[in-house]
Amino acid sequence: MSAESGLNTFRDSNGLWEGHDVLEVASPEGFERNPKLVLDFYNARRKQLLAVSPNSAHFALAELEKDHEVVIVTQNVDDLHERAGSTQIIHLHGELLKVRSTDNEADVLDWRQDLNVGDFCENNHQLRPHIVWFGEAVPMMEIAIQQVQEADSVIIVGTSMQVYPAAGLVEFAPYSSPIYFVDPNPSLNSTHRITVFAEKATTGIPKVIASLKDWRGGF
Ligand SMILES: NC(=O)c1ccc[n+]([C@@H]2O[C@H](COP(=O)([O-])OP(=O)(O)OC[C@H]3O[C@@H](n4cnc5c(N)ncnc54)[C@H](O)[C@@H]3O)[C@@H](O)[C@H]2O)c1
């Protein structure tokens with residue numbers, strides 16, 4: 001979703017995230033080994049996020065709310081869906097513009113500046129990014145499953161379907177609900193249930209929306 005806004009996806013062609021092994025910067029063990037490196041990594045991601053804008057695919061999904069109930073379930077940690085105007089967004093893997101106490105995961109703060117070693121919560125515990133790292137629980141999963149179970153249509157955009165439990169969400173879609181998959185390098189094939197658009201989000205999502213109109217005989 002956010003690649004065309006200028007944010008790199010999780011794994012580039014070398015399997016690295018912005019030049020780093022994902023386990024180095026996105027695991028509790030990596031944070032314990034080198035907290036400064038991890039905080040600096042997310043500081044750079046936060047700066048980058050504040051310099052980019054939503055793209056036409058984000059806006060198309062926000063616009064879809066005029067005629068439909070749209071629930072976005074995202075692995076992205078950016079706020080580009082929010083900025084485009086979508087109102088129901090479930091962040092499975094956390095949010096870059098929030099931090100939390102390392103002592104109490106319910107103690108979450110909005111955060112737009114750099115986060116450094118020595119930045120503490122009000123109870124004097126180090127703050128960390130509000131990001132779900134590898135090996136950590138995905139607290140929003142239950143509510144995401146419930147939304148997919150109730151969906152009349154499911155649109156999957158831009159994922160290599162490698163990270164579980166997120167990649168398993170599609171299995172909860174009702175059998176009668178059509179599934180659309182938009183990705184220039186799709187990891188699923190078209191079947192009688194799944195329609196694949198092997199293209200980028202900004203061109204693929206308008207085609208999905210047109211198919212939804214055809215399927216429902218117009219909105
Ligand atoms: N904690 C985190 O920050 C975190 C964790 C997991 C995933 N994510 C994000 O969630 C997204 C999906 O996760 P993933 O593990 O499947 O990432 P991934 O990097 O493995 O896969 C990204 C997918 O996006 C596709 N893609 C590239 N450009 C596209 C475009 N313009 N339009 C549509 N699709 C495009 C690629 O073909 C690939 O299949 C990624 O953007 C990733 O950055 C963030």
All positions within region 87-135 that are touching a residue at least 60 places away in the same chain (Cβ under 8 Å) and under 27 Å from Gln146 (Cα atoms): Leu92, His93, Pro129, Ile131, Trp133, Phe134, Gly135
Based on this model, can you work out whether Gly217 counts as modelled with pLDDT under 95, open to solvent by 40 Å² or more (accessible area, probe 1.4 Å), assigned to a loop (DSSP other than H, G, I, E, B) and within 23 Å of Thr9 (Cα to Cα)? no
Say we look at region 136-150 and pick out the residues that are free of Cβ contacts under 8 Å to residues at least 60 places away in the same chain and in a helix (DSSP H, G or I); which of these is nearest to Asn76 (Cα to Cα)? Met141
Which of the residues belonging to region 171-187 are within 15 Å of the ligand (Cβ to nearest atom) and either touching a residue at least 60 places away in the same chain (Cβ under 8 Å) or loosely packed, with under 15 Cβ neighbours inside 10 Å (or both)? Pro184, Asn185, Ser187
Look through Thr191, Thr195, Thr159 and report the one residue that is closer than 21 Å to Leu80 by Cα and either among the hydroxyl-bearing types (Ser, Thr, Tyr) or part of a loop (DSSP other than H, G, I, E, B) (or both). Thr159
Considering Asp183, Asp214, which residue is over 22 Å from the mean Cα position of the chain (by Cα) and acidic (Asp, Glu)? Asp214
Filtered residues of region 188-208 (kept if within 16 Å of the ligand (Cβ to nearest atom) and out of contact with any strand residue (DSSP E or B) (no Cβ under 9 Å at 6 or more places or on another chain)): Thr202, Pro206
Select from region 131-150 the residues that are open to solvent by less than 30 Å² (accessible area, probe 1.4 Å) and out of contact with any strand residue (DSSP E or B) (no Cβ under 8 Å at 6 or more places or on another chain) and write down the one among them that is farthest from the ligand (Cβ to nearest atom). Ile145
Cβ-Cβ under 7 Å, sequence separation 6+ or interchain: first residue in region 207-219 and among the hydrophobic types (A, V, I, L, M, F, W, C), partner modelled with pLDDT of 80 or more and part of a loop (DSSP other than H, G, I, E, B). Which pairs? Leu212/Ser153; Trp215/Pro178; Phe219/Asp67
Mind checking whether some residue in region 151-158 is away from the ligand (no atom under 16 Å from the Cβ), touching a Lys or Arg at 6+ places or on another chain (Cβ under 8 Å), of a type outside the set (Ser, Thr, Tyr) and free of Cβ contacts under 8 Å to residues at least 60 places away in the same chain? no
Out of Asp114, Asp107, Asp183, sole residue that is within 20 Å of His81 (Cα to Cα) and charged (D, E, K, R): Asp183
List the residue pairs whose Cβ atoms are under 7 Å apart, where the first residue sits in region 188-204 and is touching a residue at least 60 places away in the same chain (Cβ under 8 Å), the second is of a type in the set (Gly, Ala, Ser) and crowded, with 18+ Cβ neighbours inside 10 Å, and the two are 6 or more positions apart or on different chains. Ala201/Ala57; Ala201/Gly158; Thr202/Ala57
So which of Gly85, Gly168 ends up being touching an Asp or Glu at 6+ places or on another chain (Cβ under 8 Å), among the small types (Gly, Ala, Ser) and either within 15 Å of the ligand (Cβ to nearest atom) or closer than 24 Å to Glu65 by Cβ (or both)? Gly85
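The values are calculated or read from the model by the stated rules, or taken from the named source; none is laboratory data. Remember, predicted model here, so these are calculated numbers, not experimental data. Cβ coordinates were reconstructed from backbone atoms using ideal geometry, including for glycine residues, and neighbour counts include every protein chain displayed. When the accessible area is computed, the model is the full protein with side chains, heavy atoms only, and any ligands, DNA or RNA have been set aside. Shrake-Rupley method; radii C 1.70, N 1.55, O 1.52, S 1.80 Å.
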